[in-house]
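Below is one structure; the comments refer to it alone.
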Amino acid sequence: MRRVLLTIIILHIAIVGMTATDYVPRDLVWTSQSINASASMPCGGHDVGLNVWVERGDLLVYAAQSGWFDENNTLLKAGRWRLHLDGHPFDGKDFIQRLCLDDGAVYISGGGVEVRIWADVAQPTIFMTLASHKPRAAILSYESWRWRDRPLTKAESQQCSYKWVLPTGTVTHADSITADGSTLTFTHTNPAETVFGYAVAQQQLSALRDSLYDPLGHRRMRGEMSAPGFTFTGTSQGRYGSTDHRSWHFSHPRLKHSTISISLHNGDPIDKPSAVDARTSRRRSSAWWHAYWQRSWIVASGSSPEAQCMARNYELTRYLLGCNAYGQWPTKFNGGLFTFDPEWVEAPSADGSASNPFTPDYRKWGGGTMTAQNQRLVYWPMLKSGDYDMMDAQLGTYLRMLPTAVARTRHYWGHGGASFTEQIENFGLPNPAEYGKHPEGSDPGVERNAWLEYEWDTALEFCMMALEAQRYGYQSPKDYTPLIEECLRFFDEHYQYVARRMGAKALTDSGQLIIYPGSACETYKMAYNPSSTLAALSAVASRVPDGPLPLHRIPAIPLRTIGGDTCIAPAVAWARIQNTETPQLYPVFPWRVYGLGRPGLDIAINTYRHDPHALAMRSTKGWKQDNIWAACLGLTDEARRLNSEKFADGPYRFPAFWDPGFDWAPDLNRGGAAMTGLQEMLLQETPSGDLLLFPAWPREWDASFRLRASGGRIVEASIANGIITHTVVRQEAAERQKKHP
């Protein structure tokens, strides 16, 4: 605490201009080929993600674009490309594959051949430039596993929104693929009837169908490849891993130079990218990525291996997030745009067979399905990293779903507000499998699901993100006020409605809401006044003083005594424990009711240290956020241990591709939670905006950072041998907050 009190005193920090030296992140370099797609290297930009690797002498690339949702709401890949060069130039000892973070490109060289791969940052176009010191024959192939209709089995239906309620005869429809000369076109067109219609009928909303948001019906996903100097020579059948495919082959007899481009687009109507030449794209994309790294950075060079690993994997995770900077749809927590063949995600079965012998489109927990409790962790670190503009993809998704959330509320219960459930589809309704079976007389507006029933508050975190981004200085082009107000209105009107149905009065004698039945995350079920919900309502409503939910109507966060210590209670009462979350610490993060520089810090620390459920559930797996709470409470030793575990290298070749955890690989909600935990170790704020520098950072670790704080402040600080040696706070110009760098 003495260190915290010292770091809060920043009255003499100078306000200065830009630092003279730009930050340049370190390249990631491999000097050997990869065993398979699980050992791929990520690349991307705008809303495109690529997996790039060299295997048995061939260069392979998976391409994915945000928004490729098929009729079953699977997030499809665009396909796989394979480049085979005569003479196997990549088989020599001079082979190098390098990810240059500073310009967002992958470079591959060997045997007199040089390749550069990148995605344009201004539009969804991929470029691959090829140069060979001597002419050589080359074959460029497009490999598609969707060359035919593929029946979905129940085992692989986790990739789509049907999950375990898969209708008989469900298929992933074939793409339309045509090749002519040096060009290739591939299109996936959804039929009118999709899983959206299934969900509408299942959830008794057919009367509203025409007014509900439907992003799936007639949706088209399209790609166009241009390969100058190559000529289409025919097709063949093949197999990669467990999946058969058809290849469209393009041959070049004497390749010395070529620039291949692939444009991707989706939606209805399709927003086709404008033409851009490779030179222009390379220049503007390199400039964008360089500017991206100037927004913020964390360096621990010369420090302990633990600290260096955390800082490095922080940087690599932030790179993954930057690849979907301007997507219409958010980066999915369960793999984002960088999933790979599922058979290499998990260990083979006992008999040696692949655990998940499915197509590269597969991922657990769905493509268009959003588990908000997991998804939020991908976006919280964007505040301190200064990547506010990237938050619009996530927050804008809620805006698109808002009319449906309001309509279903009015339809089911006759009152106002927006009801967003957990396990929600990109069209705003509960996932059909998670929605459950509703017997006659049950409430059709509630998910009949042991984990999800009565969990309404997850949308409030995204409301808070919008409010926080504004407090940090970002002027979003979108107005999130309707989303915030309708979410608050739902709690006020719905719980008065429920109270009237269950009893004689809508409020307590003191005029407060009765949050019952409620849910403290997915864990404490049939809860009465859950602390996570009350903290959420208080935090959001306090930022909307003239909003639909007055603060005096929100009950106080419940407390309890454990071994003589006052602790935060999960709720006043609950019926059962269903999951392993720790909602009694949500008042610390994300809601920041308790924490450093705030009243009741001892209560929160008692909860962290003594609550038996909090102790039993402590982990660094997947979406667990104990690392964040430890940092927010100034528990340095705990923060060090948990964040080091959280940010340890993943099991695949790219260090920031983490194992599935509770979800799928690469596990981006683990990466997001680790980013937030590391940020909190380095920089926090009091409610009044005073800065806390290195509040949970070990004295023996040297580090420097540039991070963002409220009010448009950019904070730079360094620590060496436990002493803060450099601190600069500068104000970012208002006009720079309104546009991308």
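The values are calculated or read from the model by the stated rules, or taken from the named source; none is laboratory data. Everything quoted here is computed from the prediction, not taken from an experiment. Heads up, the Cβs are rebuilt from the backbone with ideal geometry, glycines too, and the neighbour counts pull from every protein chain shown. The accessibility values were calculated without ligands, DNA or RNA, using every heavy atom of the protein model including side chains. Shrake-Rupley method; radii C 1.70, N 1.55, O 1.52, S 1.80 Å.
Observations on the structure shown:
- Being touching a His at 6+ places or on another chain (Cβ under 8 Å), surrounded by fewer than 22 Cβ atoms within 10 Å (Cβ to Cβ) and within 20 Å of Leu402 (Cβ to Cβ) holds for only one residue in Glu485, Glu493, and it is Glu493.
- Residue check, Met382 of a type outside the set (Val, Ile, Thr) and open to solvent by less than 10 Å² (accessible area, probe 1.4 Å): yes
- Residue list for region 680-707, filter: among the basic types (Lys, Arg) and open to solvent by 10 Å² or more (accessible area, probe 1.4 Å): Arg699
- Criterion violated by Leu513 - all others in (1) farther than 19 Å from Pro590 by Cα; (2) open to solvent by 20 Å² or more (accessible area, probe 1.4 Å) satisfied: (2)
- Whenever a residue of region 40-59 is over 13 Å from Arg80 (Cα atoms), its partners that are among the charged types (D, E, K, R) and open to solvent by 10 Å² or more (accessible area, probe 1.4 Å), lying with C-beta atoms within less than 6 angstrom and at least six residues away or across chains, give the pairs Gly57/Asp91.
- Region 420-450, residues that are under 22 Å from the mean Cα position of the chain (by Cα) and assigned to a loop (DSSP other than H, G, I, E, B): Phe420, Thr421, Glu422, Gln423, Asn426, Phe427, Gly428, Leu429, Asn431
- Residue that is surrounded by the fewest Cβ atoms within 10 Å (Cβ to Cβ), among those in region 420-452 that are in contact with a Ser or Thr (Cβ under 8 Å, 6 or more places away or on another chain) and aliphatic (A, V, I, L, M): Ala433
- Per-region count, region 502-534, residues closer than 17 Å to Arg560 by Cβ and among the hydroxyl-bearing types (Ser, Thr, Tyr): 6
- Just one of (1) under 33 Å from the mean Cα position of the chain (by Cα); (2) open to solvent by less than 70 Å² (accessible area, probe 1.4 Å) fails for Gln204. It is (2).
- Considering residues of region 664-681 that are among the polar types (S, T, N, Q) and either assigned to a loop (DSSP other than H, G, I, E, B) or touching a strand residue (DSSP E or B) at 6+ places or on another chain (Cβ under 9 Å) (or both) only, the residue nearest to Phe694 (Cα to Cα): Gln679
- Of the strands (runs of 3 or more DSSP E) lying entirely inside region 200-299, those containing at least 3 residues that are in contact with a helix residue (DSSP H, G or I) (Cβ under 8 Å, 6 or more places away or on another chain) and over 21 Å from Asp180 (Cα atoms) span 297-299.
- Positions within region 532-553 being over 20 Å from Pro687 (Cα atoms) and in contact with a helix residue (DSSP H, G or I) (Cβ under 9 Å, 6 or more places away or on another chain), in sequence order: Thr533, Gly547, Pro548, Leu549, Pro550, Arg553
- The set of residues in region 524-533 being in contact with a Pro (Cβ under 6 Å, 6 or more places away or on another chain) and open to solvent by less than 10 Å² (accessible area, probe 1.4 Å) consists of Tyr524, Ser531, Ser532.
- Close pairs (6 angstrom Cβ cut-off, 6 or more residues apart or separate chains): at positive phi in region 104-122, in a strand (DSSP E or B) and buried (at least 20 other Cβ atoms within 10 Å of the Cβ) anywhere: Gly104/Gly45; Gly104/Trp118
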